[in-house]
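Q: Okay, handing you the structure first.
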Amino acid sequence: MVFKTVNINSLSKEQRGHALTYSTRYFAEEIPRYEIPDGSIPANVAYQLCHDELNLDGNPSLNLASFVTTWMEPEAEKLIVETLNKNLVDRDEYPQTQVIQERCVNMIARLYNIPENCTAAGTATIGSSEAVMLAALSHKWNWRQQRKGQAADKPNIVMGGDIQVVWEKYARFFDVEPRVLPMSKDSYILNPDDVFNAVDENTTCVVGVLGTTFTGQLDPIAEINERLVDLKRKSGQDVPIHVDAASGGYVVPFTQPQLPWDFRLEQVKSINVSGHKFGLVYPGIGWVIWKDESLLPDDLVFKVNYLGGEMPTFNLNFSRGSSHVIAQYYNFLRLGKEGYRRIMTNLMKNASYLASRMIESGLFEMLSEDHSIPIAVAKLKGDPGFSVFDLSAKLRQRGWIVPAYTLPPDAESVAVLRVVVRESFSRDLADILMKDITAAAAELEKSGPCGPEPEGSDGLHHKIC
Ligand SMILES: *Cc1c(COP(=O)(O)O)cnc(C)c1O
């Protein structure tokens, strides 16, 4: 988020300060909203002011919009608090934290089936976005290296309209031409032939998504790999695949272990995953893994001499907390493969249950039938006289946060409702949600739609009913 300074002079006195309610028990002065206050206040009062104001946020348990973890075990929370004051970058001061990070990289690389003859490399990041930037940059660097003596000023990256916004950010930030392939009607995933036709000598890498944010489907990574292996045999051009497994990377290995999408495929050279999605850790952690250390350009790995030790780093930011790495490690130990398998299987079952209830209601058609990650994506059946945006706004009045959005352009403008089924979403909650959806639909049928349609085709819209 980018925030602007507020023109204080144009505000009334009330707008400039916090309206004090209960805390008048302690004092009766206004606290400026947009300037650091001149004086101090007692800790308990500051706490209460922050705490009360945050009550205006949505309830994380009823937030069905987000893939991001909203619940962890108390033991994990204890570890998180215990490690809040350790800077992950201080290798010399906190060597054991580094050992644990290294173990996590090993565990994830093996989960993704690195071949015996490869030495994988990887690092923790703030989330998949940072992970994506690092992986894509490495492929850009390697491509330039391979172009020795030839023009290397027009790099491109090939991906589908089903990508998350981070890929457009990467392309813009690092000056790479984004070749975004249009989605075909009722498929919403990459077509391997389109990928093959879009690739040329300036392609730095191809992106496949394991669990798209729009419909939860998997791009056909094995087929894309086949085309690119073919290309390599015929022309010598070696185009790497990066798999964006932000959402699917902790689901598919447990629910469909036989499905080849990872380092088992020849051209898959790097993978990112969000630890804070189905890795079941609170927000602030992602991972990037390269199939072999040789894929990491020396130029991009900085050996920083800091606080008494030399350390190689490949990250966009420097200091960060170590809690989330420890929390990820806790989950690996605590759950094991068996625990992740059990949770992911349950989530998938709950998602199918919700989908079947949505179909039964007669209101919806599902778009996420192939069910690879635990989400339910539905469009309204026929024209009931209101839109998914109206339904989303109505549900918000009950506290539910269920986003409505339109699918990527070129796939006709289909508006959908999406529910992400996380660990905190029980069958009981699914039944209550369905009751509320049915009631909201009945009300909307009577009252008609509320407010104007939102503009634009991306982002999550909430209108006020
Ligand atoms: C969530 C997501 C991202 C961004 O990940 P963050 O961890 O939120 O930075 C990128 N790609 C896909 C497919 C995602 O689902």
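The values are calculated or read from the model by the stated rules, or taken from the named source; none is laboratory data. Given the structure is predicted, the values throughout are model-derived calculations rather than measurements. When we count neighbours, we look across all protein chains shown, and the Cβ atoms used for this are built from the backbone with ideal geometry, even at glycine. Heads up: the accessible areas ignore ligands, DNA and RNA and are worked out on the full protein's heavy atoms, side chains in. Shrake-Rupley method; radii C 1.70, N 1.55, O 1.52, S 1.80 Å.
Q: Give me the log10 of I(q) over I(0) for the chain at q = 0.06, 0.09, 0.11 Å⁻¹, as the Debye formula computes it from C-alpha points; what are the numbers?
A: Each listed q corresponds, in turn, to -0.31, -0.70, -1.01.
Q: Taking the alpha-carbon centroid of each part, what is the distance from region 397-447 to region 233-306 in angstrom?
A: Using only Cα atoms, the two centres lie 32 Å from each other.
Q: Output the Kirkwood hydrodynamic radius of region 155-235, Cα pairs only, in Å rounded to one decimal.
A: About 12.9 Å for region 155-235.
Q: Sticking with this one: Can you give the Kirkwood hydrodynamic radius of region 234-337 from its Cα pairs, in Å with one decimal?
A: Evaluated over region 234-337, this radius sits at 16.0 Å.
Q: Now for a different question. Kindly write out, for region 379-390 in residue order, the coupling ³J(HN,Hα) from the Karplus curve 6.51 cos²θ - 1.76 cosθ + 1.60 (θ = phi - 60°), rounded to whole Hz, with x marking Gly and Pro.
A: Result, rounded to whole Hz: 10, 6, 7, x, 10, x, x, 8, 10, 5, 5, 5.
Q: If you don't mind, there's one more thing I want to ask. Taking R0 as 35 Å, what FRET efficiency do you get between Gln48 and Asn317 from their Cβ-Cβ distance, rounded to the nearest 0.05?
A: 0.60
Q: Still on this structure: When 1/r is averaged over all different Cα pairs and the result inverted, which Kirkwood radius in Å belongs to region 37-76?
A: 13.0 Å
Q: Further, regarding this structure: According to a simple spin-label model (label point 7 Å from Cα along Cα-to-Cβ), what is the distance in nm between Ile41 and Asn346?
A: The two pseudo-label positions are separated by 4.1 nm.
Q: Okay, moving on. Counting residues in region 84-197 as N, plug N into 2.2 N^0.38 Å and put the Cα Rg over that result.
A: Relative to the rule-of-thumb radius for its length, region 84-197 sits at 1.36.
Q: Please compute the net charge surrounding Glu75, taking Lys and Arg as +1 and Asp and Glu as -1 over other residues with Cβ under 11 Å from its Cβ.
A: Here the charged neighbours net out to -1.
Q: Now for a different question. Accessible area per residue of region 114-198 at 1.4 Å probe, in Å²?
A: 48 Å²
Q: Ok, one more. Given the Cα atoms of region 1-135, and with Rh set as the inverse mean 1/r over their pairs in the Kirkwood sense, what is Rg to Rh to two decimals?
A: 1.11
Q: Once you have the Kirkwood Rh of region 116-263 from its Cα pairs, apply Stokes-Einstein at 10 °C and 1.306 mPa s and quote D in µm²/s.
A: 100 µm²/s
Q: Shifting gears a bit: In the chain, what percent of the accessible surface is made up of carbon and sulfur (1.4 Å probe, ligands and nucleic acids excluded)?
A: Solvent-exposed carbon and sulfur of the chain make up 51 percent of the total.
Q: Check cross-link reach from Lys435 to the aspartates and glutamates: straight Cα distance under 20 Å, and skip same-chain residues fewer than eight apart.
A: Those aspartates and glutamates meeting the cut-off are Glu360, Glu365, Asp390, Glu443, Glu445.
Q: Also, quick follow-up: How many angstrom lie between the Cα centre of region 83-122 and the Cα centre of region 48-67?
A: 32 Å
Q: Pairs to check: Lys154/Lys269; Lys4/Lys169; Lys86/Lys169; Lys4/Lys78; Lys148/Lys269; Lys303/Lys337. Give those whose C-alpha atoms are more than 28 Å from each other in this structure.
A: With Cα atoms farther than 28 Å apart: Lys86/Lys169; Lys4/Lys78; Lys303/Lys337.
Q: If you don't mind, another one. Across all directions of projection, what mean area in square nanometres is found for the Cα convex hull of region 271-391?
A: Averaged projected hull area, Cα only: 11.9 nm².
Q: Now a separate question. Please calculate how many Å² of accessible area region 215-336 carries per residue, with a 1.4 Å probe and no DNA, RNA or ligand atoms counted.
A: Ligands and nucleic acids excluded, the figure is 38 Å² per residue.
Q: Further, regarding this structure: So if I restrict to the alpha-carbon atoms in region 208-248, what is the Rg, and what is Dmax, the biggest pairwise distance, in Å?
A: Taking only Cα atoms of region 208-248, I get Rg and Dmax of 12.1, 35 Å.
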